[in-house]
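Participant: Quick one: structure below, then a few questions.
Read-outs throughout are calculated quantities, based only on the coordinates presented, and are distinct from any laboratory measurement. From a predicted model like this one, the values you see are computed outputs, not experimental measurements. Don't worry about glycine lacking a Cβ; one is built from the backbone with ideal geometry, like all the others, and counts go over all protein chains shown.
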Amino acid sequence: MWSPESRKQKAAELRTIADKILRYRQLCDRFASYFPHESDNGRLLQQLRGKLEDLRGRSLDREKRLAKGVVKIGVVGLEKQGKSAFLSAWLKSEKLLPSEAERCTWSTTVVEPGEEGQFSALVTYYPENEFKARIQSYFDALEPGSVERWQGLTQAELQRLKAAFRDREGYDVDDPDRAGRKEQAALSELTEIAATLGEIKARLNREPTKITAASLDELAELIRPYIALKDTRNGNRPYPGVRAVKLVTVSIPVEGAMPGVVLMDLPGIDAPSDKARRDTEEALTHEVDVTIFVKDVTRPSLVRTELDLLRTAQSADRSISLKDRMFVVLTKVDLFDHPDENGNWHWALAARNFKEQGVDRIFPYSKVWVHQGVDEEHPVSRQVMDFFGATRPVNGLDQLKAAIERYLSGDVEALDRKVMAQVHTEFSEMEVQLRGALVSVKDGLSDREFERRSEQTFDELWEHVQAGEDPVGLLPEIRQRLSSFMDHEMSEPERLARAARADVRIHQIRDDLLRRLTPAEAEAKRRQMPSPGLMNETAVEIEMRKQMRERVAARIAGLGEDFRNTARESVEKMLREMFVSSGYDSGRLEVLLPPGNGGLITRIDALGRAGHVSESVVRYQNNEMAKADVAFEVLSRYFARQIVDILDATDAGDRDLREREMRGLEQFFGMTIADKAQGVSSSASSATPAQGPAAGAPSGSTSGSASGMLGQVKSKLGFGDDKPEGSGFGFPTGGPAVAAPKPAAPPQPATPPATAATPGVSAAPPLANASGPAGATRDWSKMLARVRVDVERICNFLEALAKHPRGLQKYHEEAVRTVHDSWLDREGEQSLRRWVRSECTRIWPHRFAAIQAEQERARADIDALEELFGGTSRAAHLPPSAPATPSTART
């Protein structure tokens, strides 16, 4: 036999089990987050989690009923099925619970057995927020969201709600042909609430009201205004404020009642509002232990609302099947004294419908037979006798009360023990299964597993390929940006820009050199020489050429330095594209570089020298940059020696040797630099015929086709049309330069066209020789013209060298390309990958910090698992041949 204390004790035991199940389920959730859903461990944990959740739900369903210590019997059904009349007949008081021909019950009524001769009731009112939630469906039926205006519900507000409904739906809410039953019932309910809104608001949030009476009939009259909606005895007027009542608890003497048994009369679940539905569903979910389903046999079929009610009752307590805790009462069985047209009796059809739903505790019942006695002549009375196996007429109520008494005496305790045993058994089996599963899962959370995940995450961030799509990641971004940069760097506009930059430098060289080729400079050189009076033109020319050679060598080195700096600038831009502009998932290589105001080349070199990264990562760039620097330096020195040495060629044989060297350079570059230079000298010679044989060309020189070749070269290199560039470069063969006698009108020496055509250079008049005869001057024009032709030839060669694709442009592009290839060739990519992999936590801190936090969390979860299982789960599940070791236990 059950008792309130035993039920509460079982409830505490179920609560303990539910709490432990909750810990297990939380462990499943935490461990499941470490694995993909489609993995074996992920699927196993999801299955165990579902089982644990189901077991915990069933345990809690039973626990909240046992914790009350009482057994609550709820009477449910649709409206006007005779529920209140049935309870009144059971309690032998037709007046206790109101029963009318129309809808009358508003509040839930609870009947508790009390002491003999004591009749009392406790009226509980709604809190304001709960009442608002109960009437929300009325407002939503007319205008969704308008429940916030419930406190100002007046006739004007009702008209506004009707207008809002008409504007939304296009017809009036009180149109019987178009409006639905729900909307019409909502308007009716709101109208009645508006009529008694003042009394309702006055009762909300009020403390419970206790009512006492001397007799049962008196108590019935006193509680009627708190239960029934309308006073049917006085013009069917609404009871003021009844809608503010939540619960009426009646305490009366009940014949044969067992201590701790409570009856609940619940509102009809098919009421127009959701108030009755919510009250009934909440009672079934949280309070009712045994359900009495009242069904009117005038409608033997189970309608959808009744089927929903059966499902609600089933899901309310999943620990016990519905058939073990539901009784069905078929009312009004005496209304039909003949079967239907198919020969079926209404009550039998209703009983069969319930049996199809799995409910077999069915009791046909007639209120008339309870109060007036059984009509033995009625054909249904014989059928009811046969149904119960009785030998005398029965009204059905006595059989129901006897069955419930037997149920309360033995079945309740048996069901409680059955539920407890079932929960313990399932929990034990699931605990063993969970131990094995979680230990297996724990083995999958080793440090090696998180290293694998880090590597997988890095691969996704570095470079990964999706089916049918281009690779994505940081490396593809770097490749794409560097490819675009190289296309831009090797484009024709960039080559022309670099050539224009070289033109400025060469123009400065040309101006600086030609500015020195003046008679005053030649005269100054002669005066600086020992025995200046004996120095002839050849000696002065040698000194002038020596001076030009030194200055040209320095200027050529500066030109190489310019191209080296240009190449380094381009490399700097390329590295900026790689380290700064390229990014994926907020990660950039720039974060790996040391801070500083220097360029990227300097910062990368400092990173390698500081030992923060493997030398192999930056050695490519450093080596290639060094190669580029050496290449420009060697290039400058080589051309300084090869080209500038032509200034030392003071005789025909030496000049022929230099001409062959120039042709070798021409063959190296694949261009006609030597022919251009030869063409310049030939055109210069032909431009000064007055100089005659004294300015003849050396042996081995060619002048026939040089002019046409020169035009072709200049058109290819963008120099424009060929122009005369001064006098020839022939050397004098005879004695010193003597001063000419001063004529009456001394003619001005011819100005070489090259000098006049050279920007920024003006021809100075010959200076008087201070050491010669008085008034006599030396004529240096022929010597200066020869030197000027060689200087122009060198500058023209430098222009060709700077612009031709196989000249300095080639060395610039090769320097940039080799640095580019040093990062992105096979070995360079491998080194770059090793570097980025070792520093990935700095580049993508949000991704790898999450993995690190997950690893730390996994360790904490493993500790919690071992604590929950007593720390022996690992050893308990190891095979005999593999004893547990510290390393394996830690894994």
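Participant: So how do 309-320, 147-158 stack up, highest first, on mean other-Cβ count within 10 Å?
Facilitator: Details: 309-320: 19.2, 147-158: 13.8.
So the peptides 309-320, 147-158, ranked by packing, come out 309-320, 147-158.
Participant: Please list 425-438, 787-800 highest first by mean number of surrounding beta-carbon atoms within 10 Å per residue.
Facilitator: Going from most to least packed, we get 787-800, 425-438.
Participant: Show which aspartates and glutamates lie in cross-link reach of K230 when reach means a straight Cα distance below 19 angstrom and same-chain residues fewer than eight apart are skipped.
Facilitator: Straight-line reach from K230, under 19 Å: E79, E94, E100, E102, E189, E192, E199, D217, E218, E221, D265, D270.
Participant: Which ³J(HN,Hα) values in Hz, rounded to whole numbers, follow from the phi angles of region 340-355 under the Karplus curve 6.51 cos²θ - 1.76 cosθ + 1.60, where θ = phi - 60° and Gly and Pro get x?
Facilitator: With the stated coefficients, region 340-355 comes to 7, 5, 9, x, 9, 7, 4, 5, 5, 4, 5, 4, 5, 5, 5, 5 Hz.
Participant: Kindly rank 511-523, 396-408 from highest to lowest mean number of other beta carbons found within 10 Å of each residue.
Facilitator: Listed from highest to lowest mean packing, they are 511-523, 396-408.
Participant: Let me see the P(r) profile for region 1-60: every Cα-Cα distance counted, bins of 10 Å, each bin given as a percent of all pairs.
Facilitator: With a bin width of 10 Å, the distribution comes to 23, 38, 22, 11, 6, 0.
Participant: Okay, moving on. Can you give me the C-alpha center-to-center distance between region 281-328 and region 537-606, rounded to a whole angstrom?
Facilitator: If you average the Cα positions of each part, the centres end up 90 Å apart.
Participant: Separation of region 147-164 and region 348-408 by C-alpha centroid, Å?
Facilitator: 49 Å
Participant: If all Cα-Cα distances of region 134-252 are sorted into 5 Å bins from 0 onward, what percent lands in each bin, rounded to whole numbers?
Facilitator: 2, 10, 18, 19, 16, 13, 9, 6, 4, 2, 1, 0
Participant: With 18 Å as the cut-off, how large is the P(r) tail for region 465-556, expressed as percent of Cα-Cα pairs? Present the calculation step by step, with values, prior to reporting the outcome.
Facilitator: Working: 2814 of 4186 pairs.
Cα-Cα pairs of region 465-556 separated by over 18 Å account for 67 percent.
Participant: If one puts a single equal scatterer on every Cα of region 210-327 and applies the Debye formula without solvent, what log₁₀ I(q)/I(0) results at q = 0.14, 0.20, 0.21, 0.23 Å⁻¹?
Facilitator: -0.80, -1.29, -1.33, -1.37
Participant: Further question: Among the aspartates and glutamates, which have Cα under 16 Å from the Cα of K442 when same-chain residues fewer than 8 positions away are ignored?
Facilitator: Result set, ordered by chain and number: D29, D40, E431, E451, E854, E856, D861, D863, E866, E867.
Participant: At a temperature of 37 °C and a viscosity of 0.692 mPa s, determine how fast region 1-147 diffuses translationally according to Stokes-Einstein, using the Kirkwood radius over alpha-carbon pairs as Rh; express D in µm²/s, rounded to the nearest whole number. The partial results should precede the final answer.
Facilitator: Working: Rh = 20.5 Å.
For the chosen part, D equals 160 µm²/s.
Participant: Still on this structure, please answer the following. What net charge is computed for the residues neighbouring E541, neighbours being all others with C-beta under 10 Å from the C-beta of E541, Lys and Arg scored +1, Asp and Glu -1?
Facilitator: Details: positive: K525, R545, K546, K782, R786; negative: E537, E543.
Cβ neighbours under 10 Å give a net charge of +3.
Participant: Mind listing the phi-derived Karplus ³J(HN,Hα) values for region 311-320, rounded to whole Hz, using 6.51, -1.76 and 1.60 with θ = phi - 60°, and x for any glycine or proline?
Facilitator: 5, 4, 5, 5, 6, 5, 9, 7, 6, 10
Participant: Please give the length that would be gained between H37 and A606 if that part of the chain were fully extended, namely 0.36 nm times their separation in residues minus their C-alpha to C-alpha distance (nm, one decimal). Each step should come with its number before you reach the end.
Facilitator: Working: separation 569, 0.36 × 569 = 204.84 nm, distance 4.67 nm.
Additional length available on full extension: 200.2 nm.
Participant: Would you tally the net charge around A18, using a Cβ to Cβ cut-off of less than 9 Å, leaving A18 out, and scoring K and R as +1, D and E as -1?
Facilitator: Working: positive: R15, K20, R56; negative: D19, E63.
For residues surrounding A18, the net value is +1.
Participant: Can you grab the distance from the C-alpha centre of region 7-59 to the C-alpha centre of region 186-223, Å, no decimals?
Facilitator: Computed from Cα coordinates, the inter-centre distance equals 46 Å.
Participant: Using the Cβ atoms and a cut-off under 9 Å, what net charge is assigned to the surroundings of L461, where Lys and Arg are +1 and Asp and Glu are -1? Walk me through the numbers on the way to the answer.
Facilitator: Numbers: positive: R847; negative: D459, E460, E463, D585.
With Lys, Arg at +1 and Asp, Glu at -1, the net is -3.
Participant: Whose amide H sits under 5 Å from the amide H of V111, counting only residues 5 or more places off or on another chain, with H placed in the peptide plane?
Facilitator: Those lying under 5 Å, H to H, from V111 are V250, L263, M264, D265.
Participant: Another question about this same structure. Using the eigenvalues of the Cα gyration tensor, what equivalent ellipsoid semi-axes result for region 296-438 when each is taken as the square root of five times the eigenvalue, whole Å, largest first? The partial results should precede the final answer.
Facilitator: Values: eigenvalues 302, 68, 23 Å².
Computed over region 296-438, the values are 39, 18, 11 Å.
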